[in-house]
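The structure under discussion appears below in the form of structure tokens.
The values are calculated or read from the model by the stated rules, or taken from the named source; none is laboratory data. Here the structure is a predicted model, which is why all the values come from computation and not from measurement. Please note: Cβ atoms are built from the backbone with ideal geometry, for glycine as well, and neighbour counts cover all protein chains shown. Each accessible area value is taken on the protein alone, full model and side chains, heavy atoms only, with ligands, DNA and RNA left out. Shrake-Rupley method; radii C 1.70, N 1.55, O 1.52, S 1.80 Å.
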Amino acid sequence: MSRPQTPDSRTSKASQKEHEFTRLSRWWVLETGTVHQDEEDVEQEESYEEENTKSTKLPFLVLHPYSRYRIAWDLLVMLLLLENMIMVPFVLCFEESQPQKRWSTANDISTWFHFASDCLFMVDIILNFCTSFPKIDERGEEVMVTSRKKIAWKYMTTWFVLD
């Protein structure tokens, strides 16, 4: 049996749905490029995002998955992964098996680059152990899980084997 809704609860649910609709419609408009936002709408959306990010205070050395630095790091790792996907098979197929000159400049640069990218991949694994993840709570809201044990368990049971 459901209890009757008060006008305030209907209004707040309606405003939440309206906000979600306007957020999705703004996303659609920005992706398709058909209509531009008003400055007032942009300011309202920025203030709403600031409220949500401020309410999620993260512990020391726990990264937010949607932060600019984390997204930039993920893009760097994707570029390195793309380079490895292209260059490693190329080197394995076309590298001569005979020993070359000991101090070949091109070979040294390639070797050091691959060593540096491997080191960055190891740093990425460490960062993944320090990156919070979103979870939907019982109210249907997205909350960030910041417990180091939960982060480590989630990472170990999902992407760690592939990384």
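Annotations
- Of residues in the range 145-163 being farther than 16 Å from H64 by Cα, in contact (Cβ under 8 Å) with a residue 24 or more places away in the chain and hydrophobic (A, V, I, L, M, F, W, C), the one most open to solvent (accessible area, probe 1.4 Å): W159
- Selection within the range 105-139 - aromatic (F, W, Y) and either within 15 Å of the chain's Cα centre (by Cα) or surrounded by 12 or more Cβ atoms within 10 Å (Cβ to Cβ) (or both): F113, F121, F129, F133
- Filter pass, T105 being under 23 Å from L61 (Cα atoms), modelled with pLDDT under 95 and of a type in the set (S, T, Y): no
- Among the residues here, E142 qualifies as at pLDDT below 90, open to solvent by 80 Å² or more (accessible area, probe 1.4 Å) and under 29 Å from the mean Cα position of the chain (by Cα).
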